[in-house]
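The values are calculated or read from the model by the stated rules, or taken from the named source; none is laboratory data. These numbers come from a predicted model, not from an experiment. Positions of Cβ are backbone-derived with ideal geometry, glycine not excepted, and every protein chain shown enters the neighbour counts. All accessible areas refer to the heavy atoms of the entire protein, side chains included, with ligands and DNA or RNA removed. Shrake-Rupley method; radii C 1.70, N 1.55, O 1.52, S 1.80 Å.
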Amino acid sequence: MTVKSPEFISHIPVIQDLIAARETFWINPYYRSVEKLHGPRREIDLSNILDADERLRRFAHYIVKAFPETQPAQGLIESPVIPIESMHRYLESHYGVQIPGEIWLKCDNYLPVSGSIKARGGIYEVLKHAEGIGISQGLLTTEDDYSILINSSFRDIFSHYRIAVGSTGNLGLSIGVMGAQLGFKVTVHMSADAKEWKKALLRSKGVEVIEYTSDYSKAVEEGRRQAEGDPHCHFVDDENSRDLFLGYAVAGLRLKEQLLELNLRVDADHPLFVYLPCGVGGGPGGVAFGLKQVFKDNVHCFFAEPTHSPCMLLGLATGLHDRIAVQDIGLDNKTEADGLAVGRASSFVGKIMEGLLSGAFTIEDEELFRLLQALDRTQGIQCEPSSLAGMAGPARLLRCHEGLQYLRNHQLEDALEKGTHLVWATGGSLVPKEVMKNYLFRKK
C-alpha cells in the first residue's frame, strides 16, 4: 500500500517543508544509543562486515592484475581522506556561521575502477557472486590465489551467466565495469535521470544498456522482472541487497585505519560527524552502519538529499519507508544530482537506519553547483553534483535550532572544537572534461 495523500502525514512538522521543496534539517526522534537498539539491524553485525572485508582481501591479487591503477593500495579499492581547510573557510563565510573543529573530505570520487562510492557495494556483490560460482563448480577455494580469475578459462565460465541491475548511473557503472571484466554478460537498466556519458561508457565496455523514460523505481522493477525469468541471471537489487549493504559497510573498518594513520581520534571528547549524500539509501546506509559498528555513539551520521527527491527523509520521518514516495506529496523527483534522483527509499535500509541515523537534510540543486564550483576554486577538487550534497552539513547542523538542540541533548557542544566533520564525496573522477566544464561554468 502506498500513501496517496499528504493529509495522513501533514501533522509531522518537516513534511510541510518537504512538500514545499524547501531546504530543511531534520533530527531523527528515534535515534538511540547503539547498545540500546534491537530489531532487524541485529540480523547484520560486525562479524558480517569483517567477513566481507576478508572476501575483498582475497580478491586483491585479482584486482591488481585486472586494474593496475589499484597497485598502490595492493588491490584494495579505497580512497583518501584529506583536509579541506580552504573550503572550511568558504563554508563559514558562505553560511555565516563558525564551524569549530576540522573539516575533512572522504574522497570516494577518487575510488579506482568505477570512480564513485558504488565501487564499494556494487563491486563487492559482483565479486561475491563470481566467488560463489567458482566454488560451486569446484574451480576455486578460499585458499587459492584469486589472481587465477584473470585466466580466460574463468572468463569463459562466467560468460554463461548474466548480471542485471537497475540504476540512475553510478551503481550501473560499478556493476558493469567489474562484471564485464570478469566475463559476465551484464545488463544495466537505466532510468531517465542517468547521464548520457555514463551510458556511453558502459556500452564501450560491452555492457547492454536498456533505457527508460521513467524514473529509477521503474528501471529497478523492470530489471528485477526480466531477471526472474532467467535462472542464470543474478539481479543486483539496490533496494534490498544485503551484499551491497555489506560491501558499503566495510568502509567503516577502512576509515578507522585511515583516521588512526592521520592521528585523528574518535571518542567521547573527539566526536565524528559524517555527512552522506543519499539516494535509495544503500550506499550511505551501509557506510553509516559500518561506522556505527566501529565508532558506536561517537559518530553522528546525517544523510543529505535534493529538495525534489528526499525519499529517505520522507520514509524515516513518516515511518512508512517504501510505502510512500516523493510523488505522493507532490514532488517531481527531478534533480541534477542523478545518483540521488530516487522517489521511493529502500525499506530494508530505512528500517536498519531508523535508530542509527542522527538526522537528514535537504539541499537545492543550485546550491549543489555553488558548492561544486567553490570546492574546485578553493581546493582544486572536482566532483559531480550529487557529491556535494553533504558539503553543507557542518554549517547546516550549527545554523538551525534542531541541530543545536541535538548537540545540546548529546552533550556535544564542548567537544566541537576537538571534533571532526567528514564530508563524504561520492563520485566525479570519471566525469568527462566537457561535462565537468559545464558544471564548473554553469550560471547561477
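Loop only by DSSP, 10 or fewer other Cβ within 10 Å of the Cβ. Give me the GluC sites (Glu not before Pro) in region 61-164 that pass, ordered by residue number.
GLU143
HN-Hα J couplings of region 200-215 from phi, Karplus 6.51/-1.76/1.60, θ = phi - 60°, integer Hz, Gly and Pro as x?
5, 5, 4, 4, 5, 8, x, 8, 7, 10, 10, 9, 10, 8, 9, 8
May I ask you to list the aspartates and glutamates whose Cα is less than 15 Å away from that of LYS65, ignoring any residue fewer than eight positions away on the same chain?
Those aspartates and glutamates meeting the cut-off are ASP145.
Out of LEU416, LEU313, VAL431, whose Cα points farthest toward the positive end of the dipole of region 285-444 (charges: +1 Lys, Arg; -1 Asp, Glu; placed on Cβ)?
Final value for the positive-end residue is VAL431.
Placing unit charges on C-beta atoms (Lys and Arg positive, Asp and Glu negative, everything else neutral), compute the dipole magnitude of region 266-351 about its Cα centre in debye, rounded to 20.
260
Using modelled amide H (1.01 Å from N, peptide plane; none on Pro or chain starts), what sits under 5 Å from the amide H of GLU384, excluding residues fewer than 5 places away?
Those lying under 5 Å, H to H, from GLU384 are GLY427, GLY428.
Say R0 is 51 Å: what FRET efficiency, to the nearest 0.05, do SER86 and GLN137 get from their beta-carbon distance? List each step's numbers first, then the result.
Details: r = 54 Å, r/R0 = 1.05.
The computed FRET efficiency comes out at 0.45.
Which residue, TYR110, TYR90, TYR248, tops the fluctuation ranking in a GNM of the chain built on C-alpha contacts under 10 Å?
Taking springs between Cα atoms under 10 Å, the residue moving most is TYR90.
According to the square roots a ≥ b ≥ c of the eigenvalues of the Cα gyration tensor, what is the shape class of region 250-408, taking rounded for a/c under 1.5, prolate for a/b larger than b/c otherwise, and oblate for the remainder?
It comes out oblate by the Cα gyration axes.
Going by Cα centres, region 427-442 and region 358-419 are how many Å apart?
Region 427-442 and region 358-419 have Cα centres spaced 22 Å from each other.
Taking the square root of 5 times each eigenvalue of the Cα gyration tensor, what semi-axes in Å does the equivalent ellipsoid of region 331-374 have, largest first?
Equivalent-ellipsoid dimensions as semi-axes: 24, 14, 8 Å.
Search the structure for amide H atoms under 5 Å from the amide H of SER309, placed 1.01 Å from N in the peptide plane, and list their residues when 5 or more places away or on another chain.
Here the answer is none, since no amide H 5 or more places off falls under 5 Å of that of SER309.
Taking the Cα atoms of the chain, report the difference between the largest and smallest coordinate on each principal axis, in whole Å and largest first.
Largest first, the chain extends 61, 50, 48 Å along its Cα principal axes.
With axes computed from alpha carbons, what is the tilt in degrees of helix 170-182 against the longest principal axis of the chain, rounded to the nearest 10 within 0 to 90?
Helix 170-182 sits at roughly 20 degrees to that axis.
Note the full-extension length gain between LEU50 and GLN71 as 0.36 nm times their separation in residues minus their Cα-Cα distance, in nm to one decimal.
5.3 nm
Just need the relative contact order of region 223-307 here, percent rounded to a whole number, with Cα pairs under 8 Å and 6+ apart.
The normalised contact order for region 223-307 reaches 35 percent.
Among rounded, prolate and oblate, which fits region 92-139 when a ≥ b ≥ c are the square roots of the eigenvalues of its C-alpha gyration tensor, a/c under 1.5 means rounded, and a/b larger than b/c means prolate? Mind dumping the intermediate values first?
On the way: a/c = 5.73, a/b = 4.32, b/c = 1.33.
Since a/c reaches 1.5 and a/b is larger than b/c, the shape of region 92-139 is classed as prolate.
Between region 168-193 and region 274-297, what's the alpha-carbon centroid distance in Å?
Their Cα centres are 23 Å away from one another.
By what distance, in whole Å, do the Cα atoms of region 291-361 stretch along each of the three principal axes, largest value first?
37, 24, 16
Quick one: compute the contact order of region 128-241, relative version, from alpha carbon pairs under 8 angstrom and 6+ residues apart, as a percent.
27
Quick one: what Rg and Dmax do you get for region 173-323 from the alpha carbons, in Å?
Rg then Dmax for region 173-323, in Å: 18.0, 54.
With the calculation restricted to Cα positions, what are the radius of gyration and Dmax of region 189-233 in angstrom?
For region 189-233, the Cα-based Rg and Dmax read 11.2, 31 Å.
State to the nearest 20 debye the size of the charge dipole of the chain about its Cα centre, where the only charges are +1 on K and R beta carbons and -1 on D and E beta carbons.
Charge dipole of the chain: 380 debye, to the nearest 20.
Once Lys and Arg get +1 and Asp and Glu get -1 on their Cβ, which of GLY206, ALA251, GLY279 lies farthest toward the positive end of the dipole of region 204-297?
ALA251
Quick one: dipole size for region 289-444, taken about the Cα centre, charges +1 on Lys/Arg Cβ and -1 on Asp/Glu Cβ, in debye to the nearest 20.
On the way: 17 positive and 19 negative charges, 46 e Å.
Charge dipole, region 289-444, about its Cα centre: 220 debye, nearest 20.
Find the accessible area per residue for the chain; the probe is 1.4 Å, ligands and nucleic acids are left out, and the unit is Å².
Working: 17150 Å² over 444 residues.
Dividing the accessible area of the chain by its residue count gives 39 Å².
Let me see the pair-distance distribution of region 82-195: every alpha carbon pair, 5 Å bin width, integer percents in order.
2, 11, 16, 16, 13, 11, 9, 7, 6, 5, 4, 2, 0
Give me, ordered by chain and number, the residues 5 or more places off CYS233 or on other chains with an amide H under 5 Å from its own placed amide H.
Here the answer is ARG162, since their amide H atoms fall under 5 Å of that of CYS233.
Given that compact globular proteins tend to follow 2.2 N^0.38 Å, what is the ratio of the alpha-carbon Rg of region 56-131 to that value?
So region 56-131 has a normalised radius of gyration of 1.48.
How large is the convex hull of the Cα atoms of region 206-257 per residue, expressed in Å³ as a whole number? Mind dumping the intermediate values first?
Details: hull volume 7.1 nm³, N = 52.
So the per-residue hull volume is 136 Å³.
Please check: in the Gaussian network model of the chain (C-alpha springs, under 10 Å), which one of CYS383, CYS107, CYS400 has the largest mean-square fluctuation.
In this elastic network of the chain, the residue with the biggest mean-square fluctuation among CYS383, CYS107, CYS400 is CYS400.
So, with a 1.4 angstrom probe, what is the percent of accessible area on the chain that is carbon and sulfur?
On the way: 8340 of 17150 Å².
With neighbouring chains kept in place, the figure for the chain is 49 percent.
Mind listing P(r) for region 19-106? All alpha-carbon pairs, 10 Å bins, whole percents.
Spelled out per bin, shortest first, that is 12, 19, 25, 30, 13, 0.
Please report the spacing between the Cα centers of region 96-128 and region 131-145 in Å, no decimals.
Going from one Cα centre to the other spans 30 Å.
Please report the antiparallel percentage of the DSSP beta bridges confined to the chain, to the nearest 5.
That works out to approximately 20 percent antiparallel.
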